[in-house]
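Student: Mind having a look at this structure? Questions to follow.
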Amino acid sequence: MALLFQRRRNKATQTERVRERKHEGFLRYAGFRWAKISGGMCLLIIISYALVDATPRHNGGSWYGYTLGTIGAGLILWLTALGYRKRKMTNDYWSLKAWTSAHVYLGLSLIVIGTWHTGFQLGWNVHTLAWALMMLVILSGLYGVIVYATLPAALSNNRDEMTQMQMLEAIRAFDRQLHSAAQPLTPEDTAPVLAALDEDPFAGGIVARLGGRYPNCATAAALRTLAASHSSDAAAREKVVGLLKQKVAALARLRAHLRLRALLEIWLYVHVPLTFALIAALSAHIISVFFYW
């Protein structure tokens, strides 16, 4: 009996480990394998640069600089393949999770590879432009890593198991109830309610969506007006005020959902164009080195 119990316990432990591997994030993939590889490569570059005795110090035009430049250019081109890789779902050694982990940590290693490639000689030229664009791409990528590591949980908590369509349907349901409940109100009290009914939940633009602030919200304005009014029947007005409060809460949930989604997605509108600009500058950098130097 004890042996049977031990086997079941071992099996349960193995099952739990499998589950942990399945839910393992791309940053922690394979025990931070790519973080260790990237860190080791950066450490090797820094130590080798310090140990190489050369006067003047190595720069982009030396054999050391050419070596780092070749590694860096190859890495940049490989890192751009992640978008293509996302279209192919596999669970093997080069799964999407493994590829993304390598993308993040090897991308960070370019800070050392690219900077040591320059030999710390920067100026107002196409070579420094390529380095600056590379740093901007890395910074935008870091933002993407941070938001993807933190915002999905907040997005899930805010939704409370509701889809975006269900949130919209809840708002429409409040609008239908408000339309009926506002019938006994005076024209002065009805006008702000009608404005709230005509309000577009998606209005406000990208600034309002990212900031989560809607100062011109017609529903909030109607709530303030009705709460301070005394011109309509008290019972009818209280019912409308209660419905407006519920709609304000429903709008807040939807707008928080839209804000979190925008924060998750907007970095790509910076990261991807910067990547193409980097490739263009990198091409100009390589051509100018081989044909004009």
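Student: Mind checking which residues of region 128-144 are out of contact with any Ser or Thr (no Cβ under 7 Å at 6 or more places or on another chain) and either among the polar types (S, T, N, Q) or buried (at least 17 other Cβ atoms within 10 Å of the Cβ) (or both)?
Tutor: 128, 129, 130, 133, 134, 138, 140, 141, 144, listed by residue number.
Student: Go through region 185-226 and give me each residue that's of a type outside the set (A, V, I, L, M, F, W, C), under 24 Å from residue 263 (Cα atoms) and surrounded by fewer than 18 Cβ atoms within 10 Å (Cβ to Cβ).
Tutor: 200, 205, 211, 212, 213, 215, 216
Student: Check whether at least one residue in region 94-106 is assigned to a helix (DSSP H, G or I), buried (at least 19 other Cβ atoms within 10 Å of the Cβ), modelled with pLDDT of 95 or more and among the β-branched types (Val, Ile, Thr), and report yes or no.
Tutor: No, that holds for no residue.
Student: Just wondering, is there one or more residues in region 249-265 that are modelled with pLDDT of 90 or more and within 15 Å of residue 191 (Cα to Cα)?
Tutor: No, region 249-265 contains no residue that is modelled with pLDDT of 90 or more and within 15 Å of residue 191 (Cα to Cα).
The rows are residues; the columns are (1) without any contact (Cβ under 8 Å) to a residue 60 or more places away in the chain; (2) touching a Pro at 6+ places or on another chain (Cβ under 7 Å).
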| position | (1), (2) |
| --- | --- |
| 143 | no, no |
| 164 | no, no |
| 167 | no, no |
| 171 | no, yes |
| 174 | no, no |
| 178 | no, no |
| 198 | yes, no |
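Student: Here's something else I'd like to know. Here are 57, 87: which of them is at pLDDT below 95, within 34 Å of the chain's Cα centre (by Cα) and charged (D, E, K, R)?
Tutor: Result: 87 is the single residue among 57, 87 that is at pLDDT below 95, within 34 Å of the chain's Cα centre (by Cα) and charged (D, E, K, R).
Student: Name the pairs: first residue in region 24-53 and under 17 Å from residue 119 (Cβ atoms), second residue assigned to a helix (DSSP H, G or I), Cβ to Cβ under 6 Å, at least 6 apart or on different chains?
Tutor: 42/109; 42/112; 45/112; 45/116; 49/116
Student: Just to verify a result, which residue in region 227-258, among those that are basic (Lys, Arg) and farther than 28 Å from residue 157 by Cα, is surrounded by the most Cβ atoms within 10 Å (Cβ to Cβ)?
Tutor: Start the filter on region 227-258 by keeping residues that are basic (Lys, Arg), which leaves 237, 239, 245, 247, 253, 255.
Filter again for farther than 28 Å from residue 157 by Cα, leaving 237, 239.
Values: 237: 21, 239: 18.
My answer is 237.
Student: What number of residues within region 151-165 satisfy the criterion of being in a helix (DSSP H, G or I) and surrounded by 12 or more Cβ atoms within 10 Å (Cβ to Cβ)?
Tutor: Within region 151-165, residues that are in a helix (DSSP H, G or I) and surrounded by 12 or more Cβ atoms within 10 Å (Cβ to Cβ) number 7.
Student: Among the helices (runs of 4 or more DSSP H) confined wholly to region 185-293, which include 1 or more residues that are more than 29 Å from residue 133 (Cβ to Cβ), polar (S, T, N, Q) and out of contact with any strand residue (DSSP E or B) (no Cβ under 6 Å at 6 or more places or on another chain)?
Tutor: It comes to 187-197, 218-228, 234-265.
Student: Is it the case, given these coordinates, that residue 123 is exposed (fewer than 13 other Cβ atoms within 10 Å of the Cβ), under 24 Å from residue 64 (Cα atoms) and without any contact (Cβ under 8 Å) to a residue 60 or more places away in the chain?
Tutor: Considered against the rule, which asks whether it is exposed (fewer than 13 other Cβ atoms within 10 Å of the Cβ), under 24 Å from residue 64 (Cα atoms) and without any contact (Cβ under 8 Å) to a residue 60 or more places away in the chain, residue 123 comes out as yes.
The values are calculated or read from the model by the stated rules, or taken from the named source; none is laboratory data. What you see is a predicted model; the values in this text were computed from it and never measured. Heads up, the Cβs are rebuilt from the backbone with ideal geometry, glycines too, and the neighbour counts pull from every protein chain shown.
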